[in-house]
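Beneath this line is the structure, given in structure tokens, with notes to follow.
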Amino acid sequence: MPEGTSDSDGERDAAPARDAAPARDTRRDAAPRGPAAPRRDAPLDLSVVVPFYNPGDRLRPTIVQLLSELEDTRQSFEVIAVSDGSTDGSARSVDDLVGDRLRVIELDRNYGKGEALRVGMSSATGGYIGFIDADGDIAPSFMARFAEQAARDHPDGLLGSKNHPDSAIHPAPVRRLLSVVWQSLVKLLFQFPVSDSQAGIKLFRQDVVRRALPLTSLTGFAFDLELLVVAHDLGYTDFVETPIEIAERDSSTVSLRTTWRMLTDLGVIFWRTRVRSKVRDRRSPADVPHRSPRSDDDVSGPPADRHDPTDVPGGEVHGDHGTAL
Ligand SMILES: Nc1nc2c(ncn2[C@@H]2O[C@H](COP(=O)(O)OP(=O)(O)OP(=O)(O)O)[C@@H](O)[C@H]2O)c(=O)[nH]1
Ligand SMILES: [Mg+2]
């Protein structure tokens with residue numbers, strides 16, 4: 001769990017966002033948008049977002065390794081490191097690496113991993129857009145493999161899975177239990193074929209991100225599930241689950257607050273995608289958005305009214321720490 005953890009609503013007078021042109025999003029608690037992507041002649045093959053909240057000295061080795069692993073793929077790429085209101089100075093640890101291949105976005109306070117990912121992914125321009133945790137628990141070499149598989153097979157997305165038979169993970173017993181409970185609830189409520197919605201490494205084709213991301217609004221760890229459910233509801237089902245290894249670490253802790261927050265967010269996703277949208281569809285069949293199978297050229301995004309980000313039953317709390325289940 002990152003040091004300097006706040007246990008209130010995560011509000012703290014963190015440093016203002018660096019380089020952020022705060023074209024503020026209308027959502028109640030959205031972070032200022034990051035700097036616009038640098039103009040490039042040719043579109044990039046790949047964008048990788050690294051969300052970080054007080055990772056300490058673990059950020060730099062992850063970024064250094066990620067840059068070198070992606071170099072070897074011979075794909076054109078950008079790494080977008082997003083500080084989620086870090087106060088441990090970790091963003092400074094990569095200043096000398098910033099350049100054509102790496103940019104750093106600093107959010108003005110701690111919003112949660114979901115918001116950090118949304119800011120990073122919405123400013124990404126790669127043909128495939130993904131993310132990987134900053135703490136190095138999942139080796140950056142996996143992202144290089146994902147990128148090569150994506151370039152070969154063009155799936156809708158590649159998902160690291162802790163539950164893949166070939167994965168090597170060493171969770172603490174409590175985490176394994178919570179992860180099993182979470183995944184069973186996900187299967188029960190959403191019936192979609194993903195064995196692990198929460199692993200800290202994922203890669204999506206750009207059109208999937210362009211269409212699904214604007215319909216998400218959760219700021220915590222449950223953002224991963226929200227993005228997958230929304231993409232699935234838009235007709236994207238070609239997600240390849242891929243084995244990963246998670247380094248054994250004794251300091252991984254389970255925060256009751258995060259667990260409770262994830263469970264309430266699970267309820268929010270279920271309410272929006274399986275109750276309210278159904279009610280809405282039934283109410284006005286006339287303008288039911290057709291569930292078009294993928295139409296890659298149609299990146300204009302589905303009717304915006306499927307999710308109303310400001311309508312959050314009970315409001316959202318910020319400043320989560322540790323444990324994405
Ligand atoms: N905990 C936490 N992580 C955040 C937050 N915002 C961004 N992150 C990043 O999200 C990624 C996953 O968070 P972790 O705390 O490592 O979650 P985890 O891997 O489930 O938990 P650990 O086993 O403790 O590593 C890391 O890169 C964090 O730095 C936040 O508000 N809280
Ligand atoms: Mg971690």
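Among the numbered criteria (1) in contact (Cβ under 8 Å) with a residue 40 or more places away in the chain; (2) crowded, with 21+ Cβ neighbours inside 10 Å; (3) assigned to a loop (DSSP other than H, G, I, E, B); (4) within 16 Å of ligand 2 (Cβ to nearest atom), which one does A247 miss?
The one condition A247 does not meet is (2).
Of the residues A134, A168, A147, only one is within 15 Å of ligand 2 (Cβ to nearest atom) and of a type outside the set (D, E, K, R); which?
Within the list A134, A168, A147, the selection yields A134.
If you take just the helices (runs of 4 or more DSSP H) that sit entirely in the stretch 140-239, which of them hold at least 1 residues that are among the small types (G, A, S) and either open to solvent by 10 Å² or more (accessible area, probe 1.4 Å) or under 22 Å from V79 (Cα atoms) (or both)?
Filter on the stretch 140-239 gives 141-153, 173-190, 206-212.
All but one of (1) under 21 Å from Y236 (Cα atoms); (2) away from ligand 1 (no atom under 16 Å from the Cβ); (3) touching a residue at least 60 places away in the same chain (Cβ under 8 Å) hold for D166; which doesn't?
(1) is the only condition that D166 fails.
Quick check on this structure: which one of P289, P302 is modelled with pLDDT under 95, in contact with a Pro (Cβ under 7 Å, 6 or more places away or on another chain), outside any helix (DSSP H, G or I) and closer than 24 Å to S123 by Cβ?
Answer to the check: P302.
Could you pull out the residue among S68, S86, S123 that is at pLDDT 95 or above, open to solvent by 10 Å² or more (accessible area, probe 1.4 Å) and within 16 Å of ligand 2 (Cβ to nearest atom)?
Residue meeting the stated conditions: S86.
Taking into account only those residues within the stretch 179-204 that are in contact with a strand residue (DSSP E or B) (Cβ under 6 Å, 6 or more places away or on another chain) and touching a residue at least 60 places away in the same chain (Cβ under 8 Å), which is farthest from L256 (Cα to Cα)?
Among those that are in contact with a strand residue (DSSP E or B) (Cβ under 6 Å, 6 or more places away or on another chain) and touching a residue at least 60 places away in the same chain (Cβ under 8 Å), it is F204.
Could you say which residue among D108, D96 is part of a loop (DSSP other than H, G, I, E, B) and either in contact with a strand residue (DSSP E or B) (Cβ under 8 Å, 6 or more places away or on another chain) or surrounded by fewer than 18 Cβ atoms within 10 Å (Cβ to Cβ) (or both)?
None of the other options fit; the residue is D108.
Is it true that A116 is away from ligand 1 (no atom under 14 Å from the Cβ), open to solvent by less than 10 Å² (accessible area, probe 1.4 Å), modelled with pLDDT of 95 or more and part of a helix (DSSP H, G or I)?
Here the answer is no, as A116 does not meet what is asked.
Give me the pairs: first residue in the stretch 51-79 and free of Cβ contacts under 8 Å to residues at least 60 places away in the same chain, second residue of a type in the set (F, W, Y), beta-carbon distance under 9 Å, and six or more apart or on different chains, which are they?
If the second residue must be of a type in the set (F, W, Y), the pairs left are L67/F77; E71/F77.
The values are calculated or read from the model by the stated rules, or taken from the named source; none is laboratory data. Computed from a predicted structure; not experimentally measured. With ideal geometry, Cβ positions are generated from the backbone for all residues, glycine too; neighbour counts draw on all protein chains shown. When the accessible area is computed, the model is the full protein with side chains, heavy atoms only, and any ligands, DNA or RNA have been set aside. Shrake-Rupley method; radii C 1.70, N 1.55, O 1.52, S 1.80 Å.
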